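Working notes, structure below.
Just so it is clear, none of the values below were taken in a lab; they were calculated from the coordinates. From a predicted model like this one, the values you see are computed outputs, not experimental measurements. Because the Cβ atoms are built from the backbone with ideal geometry, glycine has one as well, and the counts that use them run over all protein chains shown.
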Amino acid sequence: MKIQDVNILYDIKLIYALNSKFNLSKQEEVDDLYKRLKRLKQFPFRSWIGSSFYQTLENRTSYAKRRRHVAFCFKQAEIVIFLIAFFMLGIGVAYKVKEREGQAVQEALRGVKSERISETAETIQEETESISSEEYMELDILQEYQQFYAANPDFSGWIRIEGTTVDYPVLQNKEMPEFYLSHDFMKKEQRSGSVFLDGFANTYPIDDNVVLYGHNMKNGTIFGSLKKYKDMDFFQEHQEFEFDTCYEKALYEIVAVVVTDISEERDFCYYELRNYDAAGFQQCKAFIEEEQLYKTGRQIEYGDKLVMLSTCEGTSKDSRLIVIGRRKMR
């Protein structure tokens with residue numbers, strides 16, 4: 001992600017937090033906020049959006065200035081309101097929403113995930129009396145994921161396969177399990193959808209087997225790159241994936257790549273397996289051995305924590321490609 005985009009996202013997040021703390025429709029609070037920011041030793045904003053916001057505050061601190069700059073302030077205020085409104089729907093990436101297939105939204109989310117809270121941001125939070133939305137945080141949620149959970153409580157974790165396009169937030173809507181089949185992180189309709197969890201899955205504590213779903217997009221986004229696992233050479237170069245829940249980080253080694261037809265009647269359904277007993281485990285192991293595309297040299301063992309990445313395979317409307325990982329001990 002470009003550095004200017006990261007800076008824009010940073011400023012949007014900060015503006016939203018400031019707007020939550022101060023009622024900027026009241027002149028006295030505008031004056032108070034401007035004085036607080038002006039006292040900081042280092043300019044708090046990183047992009048033109050932040051500078052515009054700051055300039056608007058400055059212009060509004062004086063009636064005479066406000067009169068000279070009515071048109072200018074109106075324009076800047078519209079920018080701020082636009083950004084804040086979109087942030088309230090999710091992560092503030094309004095400036096990217098209209099780009100193709102929602103790829104920009106995903107890139108922006110990855111940028112937010114990788115962003116570290118700087119000393120400047122901490123100073124601002126201290127001097128504005130903890131302006132972040134801490135009331136939405138849960139103590140058990142990992143710090144780096146609290147901002148995502150605050151923006152969308154359907155946020156359940158993050159999936160990443162190094163060297164591929166798979167690097168996405170994982171969502172779950174228990175009331176409408178297939179909601180994110182056609183919606184993005186901000187709950188806006190999106191043909192490519194999102195990576196999402198089985199509606200019945202539990203991540204705290206995590207089930208013995210968790211299934212993640214995503215579209216097999218032709219452009220390689222979402223789970224579109226999983227089809228490369230049909231080639232054993234690709235598997236040899238990408239044998240692990242990370243799946244973090246909101247509560248813990250975990251690394252998984254891939255034990256099998258399976259192609260199956262879900263229209264065929266069988267005693268075992270991979271998408272119904274959650275917590276298994278000895279009999280359920282044997283059914284799962286037999287399914288893998290029968291349906292796997294090639295031998296990986298690994299087999300699941302009773303007690304393994306499994307994650308299955310499931311997407312359409314393409315041979316028929318009911319064929320599914322499943323990349324199966326087991327949790328590695330660290």
Between Phe185 and residues 5 or more places away or on another chain, which pairs have amide H atoms under 5 Å apart, with H built 1.01 Å from N, and which residues are they? none
Ranked by Cβ crowding within 10 angstrom, fewest neighbours first, how are Arg36, Arg160, Arg191 ordered? Arg191, Arg160, Arg36
How far, in nm, would the chain grow between Lys218 and Asp318 when pulled straight, counting 0.36 nm per residue and subtracting the alpha carbon separation? 34.3 nm
Mind scanning Lys26/Lys188; Lys188/Lys218; Lys188/Lys317; Lys21/Lys188 and naming the pairs with a C-alpha gap bigger than 29 Å? Lys26/Lys188
How do Thr61, Thr315 rank when sorted from fewest to most other Cβ atoms within 10 Å of their own Cβ? Thr315, Thr61
Which entries of Lys228/Lys295; Lys230/Lys305; Lys249/Lys285; Lys187/Lys227 show an alpha-carbon separation above 19 angstrom in the structure shown? Lys230/Lys305; Lys249/Lys285; Lys187/Lys227
Taking H as built 1.01 Å from N, whose amide H comes closer than 5 Å to the amide H of Phe223, not counting residues under 5 places away? His215, Met217
Between Glu144 and Glu265, the FRET efficiency computed from the C-beta separation at R0 = 56 Å comes out, to the nearest 0.05, as 0.80
Once amide hydrogens are built 1.01 Å from N within the peptide plane, the residues lying 5 or more places from Ile206 or on another chain with amide H under 5 Å from its amide H are none
Which of Tyr247, Tyr54 has the fewest Cβ neighbours within 10 Å, and the rest in rising order: Tyr247, Tyr54
